[in-house]
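The values are calculated or read from the model by the stated rules, or taken from the named source; none is laboratory data. Since we're looking at a predicted model, the values are computed, not measured. All Cβ positions, even for glycine, are placed from backbone atoms using ideal geometry, and neighbour counts span all protein chains on display. Accessible surface areas use protein heavy atoms only, side chains included; no ligands, DNA or RNA. Shrake-Rupley method; radii C 1.70, N 1.55, O 1.52, S 1.80 Å.
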Amino acid sequence: SGKVHTVSRTPEPVPSEALSPDVLTSAVLGTDLGERATLVQFSTEFCAYCGPTREALGEIASSADGVRVVEIDAAERMDLTKQLRVFSTPTVLVLRPDGTIAARSSGRPRKAELAETVQGVLSGSAGA
């Protein structure tokens, strides 16, 4: 737990009608979801805040069982960036166990706020 999983292989493009702007499945992400929560970070090669954000997400994930971090290269996954309207990096999505999006943050996130959101997902109260 706490390890950042970079999706290096790009899954086959998902037909736009199969994408939901509110739910991300393991098939869409190209990797497994966390048992209790998934933190998805959209990054780009020249993103100034992506490194610190990756580190913060890793720390948050390592402090709780069943939380997985997935990093996606926004340039390689234009299908997702368009569908999810990712306009800047880093963009972080906090997913519930079923892949529904509980929260979203664009730009440099505050670690304390992200940790609180993740705790809400873990306790079942985020976005409810």
Extension gain from Ser63 to Thr44, taking 0.36 nm per residue of separation minus the Cα-Cα distance: 4.2 nm
Extension reserve of the Arg104-Thr25 stretch, reckoned as 0.36 nm per residue once the Cα distance is removed: 26.8 nm
Accessible area (Å², 1.4 Å probe, nearest 10) - Arg77: 10
Loop-located GluC sites (Glu not before Pro) in the stretch 29-128 whose Cβ has at most 10 other Cβ within 10 Å (DSSP): Glu45
Per-bin percent of Cα-Cα distances, the stretch 27-99 [10 Å]: 21, 53, 26, 1
